[in-house]
1. What tally of residues in the stretch 331-356 results from selecting those that are over 28 Å from the mean Cα position of the chain (by Cα) and either closer than 17 Å to residue 271 by Cβ or in a loop (DSSP other than H, G, I, E, B) (or both)?
2. Run down 86, 61 and say which single residue is assigned by TED's automatic domain parsing to the domain that holds residue 140, over 25 Å from residue 142 (Cβ atoms), part of a helix (DSSP H, G or I) and without any contact (Cβ under 8 Å) to a residue 60 or more places away in the chain.
3. Report the residue count in the stretch 554-591 for those that are of a type in the set (Val, Ile, Thr) and assigned to a strand (DSSP E or B).
4. For the list (1) surrounded by 16 or more Cβ atoms within 10 Å (Cβ to Cβ); (2) out of contact with any helix residue (DSSP H, G or I) (no Cβ under 7 Å at 6 or more places or on another chain); (3) of a type outside the set (Val, Ile, Thr); (4) part of a loop (DSSP other than H, G, I, E, B), I need the number of the one condition that residue 464 fails.
5. Hey, residue 470 hits all of (1) at pLDDT 95 or above; (2) buried (at least 17 other Cβ atoms within 10 Å of the Cβ); (3) among the charged types (D, E, K, R) but one; which does it fall short on?
6. Residues to consider are 480, 539; find the one that is small (Gly, Ala, Ser), touching a strand residue (DSSP E or B) at 6+ places or on another chain (Cβ under 9 Å), buried (at least 17 other Cβ atoms within 10 Å of the Cβ) and closer than 30 Å to residue 248 by Cα.
7. What pairs come up if the first residue lies in the stretch 181-199 and is under 22 Å from residue 339 (Cβ atoms), the second is in a helix (DSSP H, G or I), and their beta carbons are under 6 Å apart, counting only those six or more places apart or on different chains?
8. Residues that are farther than 17 Å from residue 406 by Cβ: find the strands (runs of 3 or more DSSP E) completely inside the stretch 148-202 holding 3 or more of those.
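The values are calculated or read from the model by the stated rules, or taken from the named source; none is laboratory data. Computed from a predicted model, the values in this text were never measured in an experiment. Note that we place each Cβ from the backbone using ideal geometry, even for glycine, and neighbour counts take in every protein chain shown.
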Amino acid sequence: MKLFFSSLLFLGLFFPSFAQDAEYNLIPFPAKFAGGEGSFTIESSTQLVYNIRDIKQKAAAVLLSDYLETAASVTLKQVPWTTTSAKGKNIVFQTHTQKKCGPEGYVLRVFPDRIMIEAESAAGYFYAVQTFLQLLPTEIFSTKEVADLKLQVPSCDILDQPRFSYRGLHLDVSRHFMPVAFIKKYLDLMALHKLNTFHWHLTDDQGWRIEIKKYPNLTKIGSKRKETLIGHYFENYPMQFDGQSHEGFYTQVEIREIVKYAQARYITIIPEIELPGHALAALAAYPHLGGEPDKKYEVGTKWGVFEDVFIPTEPTFKVLQDVLTEVMLLFPSKYIHIGGDECPKEAWKNSEYCQNLIKRLNLKDEEGLQSYFIKRIEKFVNLKGRNIIGWDEILEGGLAPKATVMSWRGIQGGIEAARQKHNVIMTPGEFMYLDHYQGDPNSEPLAIGGYLPLEKLYGYEPVPTELSADEEKYILGAQANVWTEYMSTPEKVEYMVFPRAVALADLTWTPKGPRNFEDFSYRLKSHLKRLDYLEVNYAKRLFDVTAETQFTGEDELRVRLDKMDSESKIYYTIDGSVPSTASIPYTVPITLKKTTTIKAMTTSGGTLEQRFYIHKAKGKKYTYTTLPSEGSDGNAEKLTDGIVGRTPKSRKEWVRFNNTDLDVVVDLGEVKLVTKVSTNFLKIPLEKGFPPTSVEIALSRDGKDFKEAVSQPINYDLEGAWTIIPAVAGFRIARARYVRIRAKNAGVCPSSHPNAGAKTWFALDEVVVE
């Protein structure tokens, strides 16, 4: 039988066609694809056919054979390519000669009577096998034999190659060290998803993780911290520590082993040696590299940015060049990442040497000194035949001549670098930081903050629309970053990375164009079963239920439930009982007449439990005399949307006021009986978030003459964990149309605070009127 696509494929045309009963849940989805009729069945008589003198083909054939033998206990005979064997009912590897695959592409053609795999490179054959495995039942990924596994491969015709040459995944092992076995598993999972670059963040303030023979103290001292912060950075005041040492580093033997392991999976490892900032672990090992050589530096025990940085003296450059020389001997990558981000300039401002150097080099300021630092390191790296990558701060003061920029503080750095004709890797925090929450922070494990659900990452377009066609070519690809402040174990890393890294793989491989999240989520459901067999502790946020409020009539709230998994069904309760498939099926928004807790579930395992408040101010308009901070409540709706903030972990429900007082008036629409007004404030002292010193709540019938005012101080203990502080005003018998709330900002942080004298902020949530 001739496949629909086979006559069109090599003409460069693409018309998708799917066999009626076949499942093609491929991730990433091929660039050009057509389904066919029927399927190929792998049997014990099936042979693996390839050119025995082609090591690229042999490696791919052996890889496929290993999977079949492990999961299905099927051992296929490997035979040399001949005209006869290539036409038999076999799996045939052969060289692609039409130059349509490129350095990572392949052709995979499944007929009922044979399978053809073609490529121009070893990586192409490898990726072809990855796709081939996904055409098989998900059990093929089992690490144990699966009884009676039927090895049927649906007919299809694929011509595939990636959109971007750089498809990266990062891992920070400085904040929390990860064992070698996990690094290898991480690489395996990257290979499964056709991600080809592992950015290994090896040094930072909290630990130096790479053995450097010439400077043994970097690991003897720099790889160990005496303790680690408990909870979130801003959670406890004062900070709490666990009293437990944390240590670990990779020997050069282990690094060579890991590099070789990655190469076998066509993954390039880019090591990162942070400079000139994030250097505290190195300074603890060799204090003369800092601005105060007599200071006793200690490896960082908390997170954040430290003012202790490398001072650009000749001894410092000598040490860094020696370090980079050993690093380049270990890692054959074209690129060496040198950091360049978050480098405070205070140490340089206070350094007589640095100030004299700025004058001697005729630099404008400390930013010019950072540019000098980066350019000097780049020149050294270039002399070794390599190029540097740096975070977008390396743009400050002037970009090094051949540097590649990682744009993390949004997309502007990438735009600027591309316009300067520098290569760019897009990794903006809003879309590419996997340390952000991926679900409701109330029920998620502790994270650094932010919110990056799966569908938001999947919808990211790496090439900014601001670039011209000529400038677009400098965008090499995209990378997701995994900072491990709040990921202390491999299991937590897996939870935060997957399945969001799966979305990254799909968007960096598939051609540019509109993305259909519903299609992706359908393919992902099957793909998650593969991750189950691979024992990946992935997050199940795909199956979650989410809720949005809609305002309707008086004293009524409408709640709309939604889910990412389009195939599942939602059932819910409003009486406090646990939902089941016997509960109310969700078909239309839920109308609530009183304050109610909705509990919901999906047939795929998702859950929701959220309380919605019905009160007299719900959905009402309000006006500020003093505006909140920019972006905090742009549409003036958060204070009366029926959703009360539940945790300091999430700031989505809260309205923030920076260094100003609060004065807001809510219009109830008509004069009503009011018995109580309440709201909540955040207490996060370490983040300079102090509740107001006092709150006044007043009522008015005309909006001018406010009476019935209730004033109260806000009392709380400064020390302790972050929390929510209520403010409540009771009215015995009052009638009013307008409710005014005034709150007095705390002013500045007290003298005992680490930021003594700094301006403070406060935040409040729903104004509940009863």
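1. Filtering the stretch 331-356 for residues over 28 Å from the mean Cα position of the chain (by Cα) gives 345-356.
Of the ones still in play, those that are also either closer than 17 Å to residue 271 by Cβ or in a loop (DSSP other than H, G, I, E, B) (or both) are 345, 350-351.
Going through the stretch 331-356 one residue at a time, the tally reaches 3.
2. Details: 61 fails: over 25 Å from residue 142 (Cβ atoms).
Among 86, 61, only 86 is assigned by TED's automatic domain parsing to the domain that holds residue 140, over 25 Å from residue 142 (Cβ atoms), part of a helix (DSSP H, G or I) and without any contact (Cβ under 8 Å) to a residue 60 or more places away in the chain.
3. Within the stretch 554-591, the subset of a type in the set (Val, Ile, Thr) is 559, 570, 573-574, 578, 581, 584, 587-588, 590-591.
Checking the rest, the ones that are also assigned to a strand (DSSP E or B) come to 559, 570, 573, 584, 590-591.
Within the stretch 554-591, residues that are of a type in the set (Val, Ile, Thr) and assigned to a strand (DSSP E or B) number 6.
4. Tallying (1) surrounded by 16 or more Cβ atoms within 10 Å (Cβ to Cβ); (2) out of contact with any helix residue (DSSP H, G or I) (no Cβ under 7 Å at 6 or more places or on another chain); (3) of a type outside the set (Val, Ile, Thr); (4) part of a loop (DSSP other than H, G, I, E, B), residue 464 fails exactly one: (2).
5. (2)
6. Working: 539 fails: touching a strand residue (DSSP E or B) at 6+ places or on another chain (Cβ under 9 Å).
480 is the lone residue from the list that is small (Gly, Ala, Ser), touching a strand residue (DSSP E or B) at 6+ places or on another chain (Cβ under 9 Å), buried (at least 17 other Cβ atoms within 10 Å of the Cβ) and closer than 30 Å to residue 248 by Cα.
7. 183/258; 195/505
8. Those strands (runs of 3 or more DSSP E) span 152-160.
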